[in-house]
Every structure is written in structure tokens, then in C-alpha cells.
């Protein structure tokens, strides 16, 4: 996710349709590369009887914070400034989300190391 943020900024900054689409494509690929590993981490860390609920809650949160809220907020910023500025500012929550994923991965590694040490 963090690697995709600069391409979001570039997509709103470059000139020419081909360059915009190229930057947006790279940004989207990098942003969505985390989906499968996050879903795998959820499935691996939740008991089988709660897996469907956990994945559903993850998807609900993703769409509630992304699809539901972002068009309104991006529109408000675009009205106050410009669409390019709104898209560029949208890279900030992407970076924050990426940092949260990195933090969560480190916490999971520490928990796994602690569990391995307790059993071995």
C-alpha cells in the first residue's frame, strides 16, 4: 500500500492520458496486492467458526471507509481546491493504512514468536 501512494500522487500530477492511466494502473496494482495476504492473515488468526464473520467484517470495514465515504470527501476537497489535490491528499490515508498493516504484521510475528517460545 505504501508503495502505491506515490503513484497516486503522480497520477494526479502528470500530463497526458497515457501517463495518467499508467500511474493509476501501477497505483491500483500496488494498493490491492495486500488484499490476499490480509485475508489469509485473518483466516489464519481466527477460529474456524468465526472466519466467515471476520472476513465479512473486514470487507464491511473496507467498503464503509473506502467506497462509502471517500467519494463524498474527495468531492468536498475537489470543490474547495481541485480534483488533482483531492486525489493527492487521498494518498495520506493509504500511507496510514499501509503503516497499520506493517504494524499489524510485526505484532503477529511477535505473537507467533512468543507462542513458539512458550511451547518449545
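Each value in this text was obtained by applying a stated rule to the coordinates, not by laboratory testing. None of these values were measured; they are calculated from a predicted model. A quick note on method: Cβ atoms are made from the backbone with ideal geometry, for glycine too, and the neighbour counts reach across all protein chains shown.
Miscellaneous remarks
- Each peptide in 112-118, 82-88 was scored by the mean count of other Cβ atoms within 10 Å over its residues; highest first, the order is 82-88, 112-118.
- Structural descriptor for the chain: relative contact order 32 percent, calculated from alpha carbon pairs under 8 angstrom and at least 6 residues apart.
- C-alpha long axis of helix 91-119 to longest principal axis of the chain, angle in °: 10
- Label assignment, Rg and Dmax of the Cα atoms in Å derived from the structure, set (i) 18.0, 62; (ii) 17.7, 59; (iii) 12.9, 33: (ii)
- Helix 70-80 vs. the chain, principal-axis angle (Cα, 0 to 90°, nearest 10): 30
- Once both labels are positioned 7 Å from their Cα atoms along Cα-to-Cβ, the gap between residue 81 and residue 50 label points is 3.9 nm.
- Rounded FRET efficiency, nearest 0.05, which uses the C-beta distance separating residue 103 from residue 14 and R0 of 35 Å: 0.65
- Cα long-axis angle, helix 17-32 against the chain (0 to 90 degrees, to the nearest 10): 20
- From the alpha carbon centroid of region 1-23 to that of region 97-120 is 33 Å.
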